[in-house]
Amino acid sequence: MSSEPQPANTAPEPASTTPSEDATAKLTPEEQRQQSDAAASETDAAPAPAGVNPPATTDAPPATTETMAAASGESNPTPPESAKPAGGRGAGPLAARGLGVAKPASPSVSTEQLSKVQEAGGKGSGSKPKKKKSAPRPRLKGESDQEATSKPTAPRRDAARKVAVPSVRGGLSDDLQAELDAELAAADVESMLGGSAGMSDRKEPISEGTRISGRVLKIHQDSVYLALGGPDEAVVPLEQFTEAEPTVGQSVEVIVRGMSREDGLYLCTLPGSTIDVADWSDLEEGSVVEAVVTGHNSGGLECKVGGVRGFMPISQIAEYRVEDASEFVDQKFVCLVTEANERRGNLVLSRRAILEREREEKRKEQLETIEPGDVLEGVVRLVKDFGAFVDLGALDGLIHVSKLSWERIKHPSEVVGAGQKLKVRIDSVDKDTGKISLSYRDLLENPWDTAEAEFAVGSIHRGTITRIAPFGCFVRLAPGVEGLVHVSELAHHRVSKVDAFVSEGQEVDVKVLSFDRDSQKIGLSIKAAKQIAEDDAKTAEPEIEEPQREVAVKPSHAGPLKGGNNRDSGGERFGLRW
């Protein structure tokens, strides 16, 4: 199989360039020369592998095909015929382009060699950039070069002085111990340990409307500061002290109106003091104002508070029922604002709320102070069948009908009446419910104190029957002293019905059978008094001796009687003893 010979003068196609060759072609001649020098120095420094000739280091122009062939010792650069592929043409892309002709060596370095050179240069020079030296400062007069070049050092601060932590187990220093001993010597340690430790003795917390007593601490500008006990303090406007300015240490009674959270002080006012009202902005529900009564109608009173007109219902004038409201005209009252509506123009006042509030505060205070046995003065407000109610100021008490008089009465109106002033004695007090039992007769002279000597046992007295019962009747011997005549002591015969034998209001004579001072009981007897009266009447009459009278039937036989009774009866014959 023969092949067509290839012409010898056929020129090879230009070889395809690599990426490194394209990058080299874009460089300027000067840059290409610098890269060649760098590659040459690297080649000289690194040992060449076996069988590989080191690259040339001369500055020769780029090698051609002829020069490469001459260097290798070949005479003809054209490859031999046996090396050509069959058919006269080479197979593959190289055969199509240059028929397998070798490419000339490139004078440029490869990308791997360039990266190695850059890495070697970076290791030798160091990765950190060099700092730029700053210009030296000018040297002062009399200063050496070393002092001028040295950096100024900041003045060193002295270390903070350490303070030793006091030990609980260790003792105090001499100065502290002396100061402590001086303070303890001036203070009363027993009162400090046994007292309230600066806390108040109040059992209930301070609330709005509470009446409390405080001590004046100081007067600053237009305010008076009070100590309420413990850590609590209050402030009162100075303008409310109209009579006299208070002094430090003086005790003042005030009413709590609120609390200032910012200052931590209670806002207080004097009892009966009011706020100044100029217009509707000064009015609010719950505030205390002073009202002037300008008129009245069937529903209540027409009032004026500052420059605002108001109304007081007739039920809010007083604690009791008011029939005629005209008696309150042109009077000034301290009232509580129950409604303040500027849009509708309604201002409703209540004087009764102030009276009830003050009465409740006084009631609590008076209830804590009174004890059984105390004598108080009051006014009778209401009389009922079972007793009378007495107003003691802030409290009300009841006098039972049995405690009104030592005598037995049917109705309390026999002793007391509504509106009557009297003194009463407290029998018992229930501080939980507020109930108080009173006695009026205990302040009167007790007739039982002298009754024992006057009505001795065995004495006879005249009395009046006051009450009849199935078991007997009661007889009044003296005012407040009564005795009981039992049904068995009414007569010598059996009495089935007491009212059939005696009647109420009848005066009878009775004899004292027993006297019990503690239980205040006297036992009486009507029949014993009658028997004694009859015996006394008999002994009082003189005895008259009458002559013996003659026998009306004279005896007709004289001498002893016949038949006799002075002989044996004959009974012994029959075994009889007579």
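The values are calculated or read from the model by the stated rules, or taken from the named source; none is laboratory data. Here the structure is a predicted model, which means the values were calculated and not measured. Positions of Cβ are backbone-derived with ideal geometry, glycine not excepted, and every protein chain shown enters the neighbour counts. Heads up: the accessible areas ignore ligands, DNA and RNA and are worked out on the full protein's heavy atoms, side chains in. Shrake-Rupley method; radii C 1.70, N 1.55, O 1.52, S 1.80 Å.
Laid out as a table, the results:
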read-out	value
Within-11-Å neighbourhood charge of Gly286 [Cβ basis; K, R +1; D, E -1]	-3
With every protein chain in place, the range 287-356: carbon and sulfur % of accessible area (1.4 Å)	42
Near-label residues of the range 353-379 by backbone N, under 19 Å of a point 7 Å along Cα→Cβ of Asp391	353-367, 376-379
Rounded FRET efficiency, nearest 0.05, which uses the C-beta distance separating Tyr320 from Thr450 and R0 of 25 Å	0.05
Long-range amide H partners of Arg381 with built H, under 5 Å	Phe389, Val390, Asp391, Gly419
Karplus-derived 3J(HN,Hα), 6.51/-1.76/1.60, for each residue of the range 238-250, Hz, glycine and proline x	5, 5, 6, 7, 7, 6, 8, 6, x, 10, 5, x, 6
Protection proxy ranking of 239-248, 545-554 - average other beta-carbon atoms within 10 Å, highest first	239-248, 545-554
Contour minus Cα-Cα distance for Val553 and Asp442 (0.36 nm per residue)	32.1 nm
Candidates per trypsin sites (Lys or Arg not before Pro) in the range 318-352, loop by DSSP, up to 12 other Cβ within 10 Å	Arg321, Arg343, Arg344
Phe515 long-range amide H proximity, modeled H, under 5 Å	Gly523
Spin-label model distance (nm) - Glu407 vs Lys421, 7 Å beyond Cα toward Cβ	2.6
Label-point gap, in nm, between Leu367 and Val379 - each point 7 angstrom along Cα→Cβ	2.3
Accessible area in square angstrom per residue, the range 210-269, 1.4 angstrom probe	57
For His557, solvent-accessible area (1.4 Å; no DNA, RNA or ligand), Å²	100
Distance between modelled label sites at Glu504 and Arg169, nm, 7 Å Cα→Cβ extension	9.5
Of Lys332/Lys362; Lys364/Lys423; Lys384/Lys435; Lys218/Lys431; Lys410/Lys521; Lys332/Lys384, pairs whose Cα-Cα distance is over 28 Å	Lys218/Lys431; Lys332/Lys384
